[in-house]
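K.L.:
I'd like to ask some things about the structure below.
The values are calculated or read from the model by the stated rules, or taken from the named source; none is laboratory data. None of these values were measured; they are calculated from a predicted model. Here the Cβ is made from the backbone with ideal geometry for all residues, glycine too, and neighbour counts use every protein chain on show.
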Amino acid sequence: MTAKIINGVAVSAAMRTEIRQRVDVLKQRGVTPGLAVIMVGANPASAVYVRNKIRACAEVGIQSFRYDFPADASPQQVLDLIAELNARADTHGILVQLPLPPQFSISEVLQTISADKDVDGFHLYNVGGLVVGDTVFPPCTPYGVVKLLEHEGIEIEGKNVVVVGASNIVGKPMALMLMQRDATVCICHAKTRDLAQFTILADILVVAAGHPNLILPQMVKTGAVVIDVGINRLPNGKLVGDADFEGLLPKVSYITPVPGGVGPMTVTMLLANTVASAERAAGIAPKH
């Protein structure tokens, strides 16, 4: 057996074509989807992410509004801008690029964004909505993972799923979204003892721990599906995930590469959430 490599770049490109068509329909109705991106400080990685998001918006026809603040900006300035954007009809999504400088309360900033414009899916309403299956916007990375599984026709219902990593951004919402699809889910984290005794049971293993080579072939059962959300830069500059990709290839049925797997889907789901927000505002039933 050699695993099928799930090509996130290709799936993302196909989804963006569809998103572009949805944007065209909105524009025919006089609505241009708009995404506001707020960045505080000059974190180099954040600058790259923001540039990629703005470029992706342009690619599908979404109008982007970029707001840059210096690292010593007062939190009130940013909160006032968010309040203004909440009320603006041309802005359907608001994204605050994290991390923020230490003078900010991240939770206060995220809760100030209207739940109806929280296209990152971080507002407490949206996080809580995951529990009951009624969120306005699913968080982008777990949403992208679900779309990859759907695209490959990988059955989720009734499967044993192990999520390694319990972050609020990936691990916890990932588990909730898969439970909603009737998977049996186990969440492992940094304090889990004997990780392999859990991972070996997984039909679908989602790894988002931030540790290169954390998942070795002997920890995974033959024929499992491995979704690697980790992004780690090795001392030699190479980007790798959390799983031993080469070692797992002969053993598993599907695997995502790093880069080129889950990463491209995250920005694509941000675009999808922004368009869904504009569709809601225009009285069109959003497509999920």
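K.L.:
Please indicate, with yes or no, whether at least one residue in the range 130-144 is without any contact (Cβ under 8 Å) to a residue 12 or more places away in the chain, of a type in the set (D, E, K, R) and outside any loop (DSSP other than H, G, I, E, B). Break it down stepwise before answering.
P.N.:
Keep residues of the range 130-144 that are without any contact (Cβ under 8 Å) to a residue 12 or more places away in the chain, which gives 132, 134.
Now restrict to residues that are of a type in the set (D, E, K, R): 134.
With outside any loop (DSSP other than H, G, I, E, B) added as a condition, the list becomes none.
No: the range 130-144 contains no residue that is without any contact (Cβ under 8 Å) to a residue 12 or more places away in the chain, of a type in the set (D, E, K, R) and outside any loop (DSSP other than H, G, I, E, B).
K.L.:
Sticking with this structure for a sec: So how many residues does the range 1-24 have that are surrounded by fewer than 20 Cβ atoms within 10 Å (Cβ to Cβ), modelled with pLDDT of 95 or more and of a type outside the set (A, V, I, L, M, F, W, C)?
P.N.:
Number of matching residues: 8.
K.L.:
Turning to a different aspect of this structure: Tell me which of these ASP118 doesn't satisfy, since it passes every other one: (1) modelled with pLDDT of 95 or more; (2) within 18 Å of the chain's Cα centre (by Cα); (3) farther than 25 Å from VAL31 by Cα.
P.N.:
With respect to (1) modelled with pLDDT of 95 or more; (2) within 18 Å of the chain's Cα centre (by Cα); (3) farther than 25 Å from VAL31 by Cα, ASP118 is out only on (3).
K.L.:
It is to be established whether one or more residues within the range 259-269 are aliphatic (A, V, I, L, M) and closer than 27 Å to MET1 by Cα. Walk me through how you get there before you give the answer.
P.N.:
Restricting attention to the range 259-269, the residues satisfying the condition of being aliphatic (A, V, I, L, M) are 262, 265, 267, 269.
Checking which are closer than 27 Å to MET1 by Cα leaves us with 262, 265.
Within the range 259-269, one or more residues are aliphatic (A, V, I, L, M) and closer than 27 Å to MET1 by Cα.
K.L.:
Report, by residue number, each residue of the range 127-146 that is farther than 18 Å from GLN111 by Cβ and small (Gly, Ala, Ser).
P.N.:
GLY133, GLY144, listed by residue number.
K.L.:
Looking at the range 102-117, which of the residues that are closer than 13 Å to ILE38 by Cβ and out of contact with any Pro (no Cβ under 6 Å at 6 or more places or on another chain) is surrounded by the fewest Cβ atoms within 10 Å (Cβ to Cβ)?
P.N.:
In the first step, residues of the range 102-117 are kept if they are closer than 13 Å to ILE38 by Cβ; the result is 104, 106, 109-110, 112-113, 117.
After this cut, where a residue has to be out of contact with any Pro (no Cβ under 6 Å at 6 or more places or on another chain) as well, the list is 106, 109-110, 112-113, 117.
Working: ILE106: 12, VAL109: 19, LEU110: 20, THR112: 21, ILE113: 25, LYS117: 26.
By that ranking, first place goes to ILE106.
K.L.:
Being aliphatic (A, V, I, L, M) and within 14 Å of ASP242 (Cβ to Cβ) is the filter here; which residues of the range 197-217 pass it? Even if it seems obvious, please write down each step before you answer.
P.N.:
Residues of the range 197-217 that are aliphatic (A, V, I, L, M), as a first pass: 200-202, 204-209, 214-216.
Those that are aliphatic (A, V, I, L, M) and within 14 Å of ASP242 (Cβ to Cβ): ALA202, LEU205, VAL206, VAL207, ALA208, ALA209, LEU214, ILE215, LEU216.
K.L.:
Just to be sure before I move on: is VAL136 modelled with pLDDT under 95, surrounded by 16 or more Cβ atoms within 10 Å (Cβ to Cβ) and among the aliphatic types (A, V, I, L, M) in the structure I sent?
P.N.:
Working: modelled with pLDDT under 95: yes; surrounded by 16 or more Cβ atoms within 10 Å (Cβ to Cβ): yes; among the aliphatic types (A, V, I, L, M): yes.
Against the criterion (modelled with pLDDT under 95, surrounded by 16 or more Cβ atoms within 10 Å (Cβ to Cβ) and among the aliphatic types (A, V, I, L, M)), VAL136 qualifies.
K.L.:
Which residue, of ALA13, ALA42, is within 30 Å of PHE245 (Cβ to Cβ) and aliphatic (A, V, I, L, M)?
P.N.:
Matching residue, one of ALA13, ALA42: ALA13.
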